[in-house]
Protein chains: 2
Amino acid sequence: MDEPAEQDARIDWPGGAIFRPVRTGNAFEEAIERILQAIKLGIFAHGDRLPAERDLAVRLNISRDTLREALRSLQQAGCVESRRGRYGGTFVTYRLPAPNLSDLRRAAEDLGAELEDALTYRLVLETGASERAAKRDLTDDQRAYLERRLADLEAAPADAYRQCDSRFHLAIAELTGSNSLAGSIAETRMRLNDLLNAIPMIGRNIEHASHQHQAIVRAILTQDAEAARRVTEEHLEATAALLRGFLG
Amino acid sequence: MDEPAEQDARIDWPGGAIFRPVRTGNAFEEAIERILQAIKLGIFAHGDRLPAERDLAVRLNISRDTLREALRSLQQAGCVESRRGRYGGTFVTYRLPAPNLSDLRRAAEDLGAELEDALTYRLVLETGASERAAKRDLTDDQRAYLERRLADLEAAPADAYRQCDSRFHLAIAELTGSNSLAGSIAETRMRLNDLLNAIPMIGRNIEHASHQHQAIVRAILTQDAEAARRVTEEHLEATAALLRGFLG
DNA sequence: CGCCAATGGACTGATTCTGGTCCATTGGAC
DNA sequence: GTCCAATGGACCAGAATCAGTCCATTGGCG
């Protein structure tokens, strides 16, 4: 009514970015995905105990019944196992499968056009997070936490490398103090995680990445925001290039 | 079991960023919020027609029944009105209320600790978006789209300024080509929108912002990514400072 | 004028999710 | 040895949501 001609100039149609899904299709499938990704991201290692059902249900904002349904599926898939009684709980039994190129291609197809979307999004989020983290005055605990994550990553055996890598980068996200930012970074890592897990790890790449990780930590701890941003960008672009290389 | 001592060093507790709510409490309330914010953001002006119920329901991934419940609420609140028949639809009748300082404080209290979270998140997202947009090779249509948004903003009457401002910044987000990024920016704008709407508009600020908007567009169109990032950061920090000033 | 397509309006049965309650099991504390 | 608190296990009534169907209204087109 006001400016009908404008409609033509719009990228897709009114509200393109606003009118996206209010919720994902299914609460219990989403819960499965979250838990599984938390495990794949290395937040819970083999043998770790997940939070109690009652707590986890509150965190995920779903009913305990729905959560239990999800846990039952994970149990049947052999990813977790439950023990009753005090000091019982649900324990992680999942182990990372070996990287596999056909898995990579399949995972890439699942993502489809979302791949570039996710890579761009990740770049923006993580470079921004590094910069923000470098600009904050960190407490000694926070500094120690970051260095611990880096040390864990440096010492990680090959089969735990990617998980430690995720925990390292999530630690940086947490240091920004923005829950929204940390949440989005975690979510985007999840989206890309299957792909990253499927990339064979080459010594030369790991060594290169290791230098970059150290440089990022150094930049954050010395509050050199510009360097933190730049090195993070290089680091992520290297991974993205590797990924595109294996796919193209 | 693996490293119990580590738990102490964690920022909050395992999975802090991962185990966030799977879904917001309520589909129809969420739908109301989305539509209302789309209107407040200026995506639909007074008199505009919203997408047809059947389309909108698909976009929001909710059933048409739930959407209709939301629209009924908006109708009762006097924000929209519906007309049947071909060339009918649901039309926006909402008008922006005048800015009001007590509204500002109330809105700020609603956000609470989320305020700094949202400001940080917005800064990361939007500076990143400007940089990415500047690094892309834009089509003529896209360049024209961006310039159109800027021109609209420059010409905007006071009561439509904030809406045009949102549309301008959302346009930049769309130019990144990352739907996730554009979606997050829209969402964060929504979270802050009530606050921004409540800030009285001062001529000097508008003039300053206008220069920055022009500089951002110039930087994007000349593919000067570094400048795009820097000016966007200055621009957002100015708004944030203004906001903190009114609140502190 | 009559048809038709696009739209909002309304109903219904099935499905999912919730919130609550109670039970079963376990290992430590006393 | 007994008790107890924390945990998983199970069930249910009701609410929310969905998918599908059909109706009512409207304005343009032939």
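Yes/no matrix, rows are residues, columns are (1) closer than 17 Å to B:Arg218 by Cα; (2) touching a Leu at 6+ places or on another chain (Cβ under 8 Å); (3) without any contact (Cβ under 8 Å) to a residue 60 or more places away in the chain:
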position: B:Gln142; (1), (2), (3): yes, yes, yes
position: B:Asp159; (1), (2), (3): no, yes, no
position: B:Ala171; (1), (2), (3): yes, yes, yes
position: B:Gly177; (1), (2), (3): no, no, yes
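With more than 16 Å from DNA strand D (Cβ to nearest atom), outside the structural domain of B:Asp194 (by TED's automatic domain parsing) and in contact with a Leu (Cβ under 8 Å, 6 or more places away or on another chain) as the only criterion, which of B:Val80, B:Val124 stands out?
The match here is B:Val80.
Among A:Glu29, A:Glu69, which is of a type outside the set (S, T, N, Q), more than 8 Å from chain B (Cβ to nearest Cβ) and surrounded by fewer than 16 Cβ atoms within 10 Å (Cβ to Cβ)?
Only one candidate qualifies: A:Glu29.
Taking region B:90-108 as the search range and keeping residues that are under 21 Å from B:Arg34 (Cβ atoms) and open to solvent by less than 20 Å² (accessible area, probe 1.4 Å), which one is farthest from DNA strand C (Cβ to nearest atom)?
B:Ala107
Can you find even one residue in region A:50-67 that is closer than 19 Å to A:Ala160 by Cβ, in contact (Cβ under 8 Å) with a residue 12 or more places away in the chain and within 12 Å of DNA strand D (Cβ to nearest atom)?
Looking through region A:50-67, at least one residue is closer than 19 Å to A:Ala160 by Cβ, in contact (Cβ under 8 Å) with a residue 12 or more places away in the chain and within 12 Å of DNA strand D (Cβ to nearest atom).
Do we have any residue at all in region A:83-90 that's within 14 Å of chain B (Cβ to nearest Cβ) and away from DNA strand D (no atom under 14 Å from the Cβ)?
The answer is no; no qualifying residue exists.
Pick out, from region B:133-212, the helices (runs of 4 or more DSSP H) lying fully within it that include 3 or more residues that are open to solvent by 10 Å² or more (accessible area, probe 1.4 Å) and of a type in the set (Gly, Ala, Ser).
B:140-155
Give region A:109-132 a look and list any residue that's free of Cβ contacts under 8 Å to residues at least 24 places away in the same chain and open to solvent by 10 Å² or more (accessible area, probe 1.4 Å), or say none. Quick ask: steps written out before the conclusion?
Going residue by residue through region A:109-132, those that are free of Cβ contacts under 8 Å to residues at least 24 places away in the same chain are A:109, A:112-113, A:116-117, A:120, A:124.
Once the filter is applied, which keeps residues that are free of Cβ contacts under 8 Å to residues at least 24 places away in the same chain and open to solvent by 10 Å² or more (accessible area, probe 1.4 Å), region A:109-132 yields A:Glu109, A:Gly112, A:Ala113, A:Glu116, A:Asp117, A:Thr120.
List the helices (runs of 4 or more DSSP H) inside region B:18-111, counting only whole elements, that have at least 3 residues being farther than 21 Å from B:Asn193 by Cβ.
In region B:18-111, B:53-60, B:64-76 are the helices (runs of 4 or more DSSP H) which contain 3 or more residues that are farther than 21 Å from B:Asn193 by Cβ.
The values are calculated or read from the model by the stated rules, or taken from the named source; none is laboratory data. Just so it is clear, the model here is predicted, and its values are computed rather than measured. No Cβ is skipped: glycine too gets one built from the backbone with ideal geometry, and neighbour counts run over all protein chains shown. Keep in mind that these areas ignore ligands, DNA and RNA; they rest on the heavy atoms of the full protein, side chains included. Shrake-Rupley method; radii C 1.70, N 1.55, O 1.52, S 1.80 Å.
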